[in-house]
Amino acid sequence: MWDPSSPILDFYPQEFEQDLNGKKQEWEAVVKIPFIDEKRLLRAMQGEYYVNRHCYLFTSFLAREQQLTAGEKSRNTFGTSYQFKYNPGQPTDYPSSLPGFFPALPHCTCTMEPFDLPTLDGLHLVKGLCDGVFLGVSALAGFPSLKTLPYTSSLGHHGVNVHGSESRHKSIIIHIENPHESRKPEDLARELIETRTFAGWPFLQESQVVALSDSLFKYEKMNILPGTPGKIVSNPHSRQGLGMWKNKAEKIESVYSRKSGVLTGEVKILLHVRPLKGVDG
């Protein structure tokens, strides 16, 4: 780690950069140090010959493995797995795993037993998804999917909120396309009310549309006369309701933009939905 002639000295730089990426404390930063090349590390431990960038042959001054104690070598191998179980019976004194550094544990109420991992005797690996597993729009409710709404994406600076701070680096930004841009709210209400939809995009939850609203009216389906088909009725918002609708629309746009890097554009219409519980087999 410190010998000037070490062939892996570059694995352990004395100076390195820290990437805070919006964090405030140094211990939250990502330390930018080189990735360790496994083959080079193993060759260095075995004391083999190397050629440096100046084409000079040299070898490590001693094979590192020969300097390890028996205990260090045993810790560098695969051993027995153990499981710890709570034992409400008579407490025991658990011996230290590293005497001289860690004390023993008095009044220990756990027992340590060897644990053998289950094997795959007689079985074989099946590549791919199991029968009955679906992805995308066909996945179970709650799984994310980008396959239900048309969108485009771009890479740019957007200040996505990461753990309370805005990201200073570029992010993938999703731009949602609006296929209903030029349609009237009344027409959408007739088409969508009482139909199935998915709420909470991209973590989909199946729901039923019960109403639709814009900045002035709320559209609902009502039965004007008994025994006749329901009709779409528009009711104006109250004075307080106007402000509540505007705040809700602006919050949806802001949360998607700042928290998820998703640009919805101006929210002009809201769907009122009833989440569905369970799945009909």
Legend entry - Per-residue HN-Hα couplings for segment 106-111 [Karplus 6.51, -1.76, 1.60; θ = phi - 60°; Hz; x = Gly/Pro]: x, 6, 6, 10, 10, 10
Legend entry - Alpha-carbon spread of segment 190-281, three principal axes, descending order, Å: 48, 44, 19
Inset, instruction - Mind jotting down a quarter of the surface of the convex hull over the alpha carbons of the chain, in square nanometres, one decimal? - result: 30.5 nm²
Inset, instruction - Could you work out the local net charge near residue 265, counting Lys and Arg as +1, Asp and Glu as -1, over the other residues with Cβ closer than 13 Å to its Cβ? - result: -4
Legend entry - Tilt relative to the chain, helix 239-260 - C-alpha long axis, 0 to 90 degrees, to 10: 30 degrees
Inset, instruction - Give 23/277; 24/85; 23/251; 147/277 a once-over and call out the pairs whose C-alpha atoms are over 29 Å from each other. - result: 23/277; 24/85
Inset, instruction - First compute the accessible area of the chain with a 1.4 Å probe, then give the percent of it belonging to carbon and sulfur atoms. - result: 57 percent
Inset, instruction - Report, by chain and number, residues whose modeled amide H sits under 5 Å from the one on residue 143, excluding near sequence neighbours (fewer than 5 apart, same chain). - result: 204
Legend entry - Amide H partners (placed H, <5 Å) of residue 162, local residues excluded: 167
Legend entry - Helix-derived mean residue ellipticity, 222 nm - over the chain, DSSP H n ≥ 4, -39500 (n - 2.57), to 500: -5000 deg cm²/dmol
Legend entry - Set of segment 237-264 residues, backbone N closer than 20 Å to the point 7 Å along the Cα-Cβ line of residue 215: 237-257, 263-264
Inset, instruction - Could you tally the net charge around residue 165, taking each other residue with its Cβ under 9 Å from the Cβ of residue 165, Lys/Arg +1 and Asp/Glu -1? - result: +2
Legend entry - Net lengthening on full extension, residue 23/residue 124 (0.36 nm per residue, minus Cα-Cα): 31.8 nm
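The values are calculated or read from the model by the stated rules, or taken from the named source; none is laboratory data. Values in this document were obtained by computation on a predicted structure and should not be read as measured data. Cβ sites come from the backbone with ideal geometry, for glycine too, and all protein chains shown count toward neighbours. The accessibility values were calculated without ligands, DNA or RNA, using every heavy atom of the protein model including side chains. Shrake-Rupley method; radii C 1.70, N 1.55, O 1.52, S 1.80 Å.
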